[in-house]
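Visitor: Structure below; questions to follow.
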Amino acid sequence: LGCEETYDKSMTSLWDAHEMAYIIQGLITDYKLFGNEKSLDAAVKLGDFILGKFPGVPVNAIKVIDIPFPQHSWALGMDKAMYDLYSVTENPKYIDFARENLNTFGWDYPIVEKSWWPPEGHVYSYLGKCNAQLDFYGIEKDERLLRSSRRALSFLINGEGLLIHGTCGRREC
């Protein structure tokens with residue numbers, strides 16, 4: 001594969017974008033804690049690379065192994081990375097990407113028990129999206145951003161969501 005083709009493949013692979021999101025989060029944490037400007041520059045470059053690969057294409061349109069992957073599975077942590085980028089740059093393009101491409105503001109799925117497929121049944125996918133929505137709620141007081149977190153909390157406390165030792169997942173579900 002040529003270099004550009006390799007980048008294109010990595011952007012549609014299941015874990016590569018997920019890992020890029022965590023690299024951005026780590027770089028921004030380094031910048032916030034230690035003032036490392038090079039980390040901020042690298043995070044912005046990687047974030048802009050991601051935005052440049054998906055102009056106007058919703059992440060849930062990407063297929064992995066011919067299965068459409070909802071945005072919260074394919075790009076776990078990406079909306080959090082976009083929030084982190086916005087928090088240090090105040091550039092609205094990162095919020096716009098989360099809203100338009102990652103569906104962070106419109107995401108509102110029921111809890112699916114005992115199944116990692118569909119992705120709403122995967123505890124990490126679900127709670128990761130809830131966490132990002134709570135971050136964005138700090139910017140935009142949109143009550144829709146609280147629905148899934150409230151649903152998850154109710155399920156954990158009042159439903160059968162917590163195991164006796166305090167975790168909330170059975171085989172990642």
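All of the numbers you see were taken from the coordinates with simple rules; none came from a lab. Just so we're clear, the structure is a prediction, and the values are computed from it rather than from any experiment. Positions of Cβ are generated from backbone atoms using ideal geometry, with glycine treated the same way; all protein chains shown enter the neighbour counts.
Visitor: Checking the table Lys38/Lys80; Lys32/Lys93; Lys93/Lys129; Lys80/Lys141; Lys53/Lys114 against a 27 Å threshold on Cα-Cα, which pairs fail? Can you show the working numbers first?
Guide: Details: Lys38/Lys80 20 Å; Lys32/Lys93 20 Å; Lys93/Lys129 19 Å; Lys80/Lys141 17 Å; Lys53/Lys114 34 Å.
In this structure, Lys53/Lys114 exceed 27 Å between Cα atoms.
Visitor: While we're looking at this one, here's another question. Can you give the local net charge around Leu76? Use residues other than it whose beta-carbon is closer than 10 angstrom to its beta-carbon, Lys and Arg +1, Asp and Glu -1.
Guide: Charge balance in the 10 Å sphere: 0.
Visitor: So what's the net charge close to Leu134: Lys and Arg +1, Asp and Glu -1, counting the other residues with Cβ under 15 Å from its Cβ?
Guide: 0
Visitor: Taking the mean number of other Cβ atoms within 10 Å as a proxy for protection, how do you rank 122-135, 28-41 from highest to lowest?
Guide: The peptides rank, most packed first, as 122-135, 28-41.
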